Amino acid sequence: MDRGFPDFDLDAGDLGGNLSWEEPLELELLEFYNVYMAIAVEDSDSTADEHQSFTSRSFLGAVPKGTKEFLIPPETALGNFTHFLVYLHSALAEQTTPSSSSEAPEETLNW
């Protein structure tokens with residue numbers, strides 16, 4: 001999945017900019033996306049992002065299907081967070097494995 005986050009907040013320790021992604025090919029059951037910041041759990045047995053575990057999620061907001069970006073407001077505190085997570089949400093439930101990436105912007109937050 002193509003993803004991106006150019007951090008336009010110039011303050012150290014703060015983030016701001018548009019988080020973007022490509023929508024999946026199958027949209028029939030998709031209703032919206034939930035966006036979080038989270039802390040990655042250190043696991044020496046797993047190096048791939050799709051197998052990464054996360055803790056301390058912080059909900060940033062939701063956007064409807066058809067939307068491929070989410071505005072991270074300027075002055076959003078980085079704190080100890082390491083990743084953005086985007087979960088697809090269907091009429092049934094939120095997916096159990098988010099989209100995330102280790103492509104890090106200048107801050108230590110990964111996307």
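The values are calculated or read from the model by the stated rules, or taken from the named source; none is laboratory data. Predicted model only: the values in this text are computed from it and were never measured. Quick reminder, even Gly has a Cβ in these numbers, built from the backbone with ideal geometry, and neighbours come from all protein chains shown.
Structure summary
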quantity	calculated
Some residue of segment 94-101 being outside any loop (DSSP other than H, G, I, E, B), small (G, A, S), at pLDDT below 75 and farther than 10 Å from M37 by Cβ	yes
Pair list, Cβ < 7 Å and 6+ apart or interchain, from segment 56-82 residues that are assigned to a strand (DSSP E or B) to residues that are polar (S, T, N, Q)	F59/N34; A62/N34; E69/N18; E69/S20; L71/N18
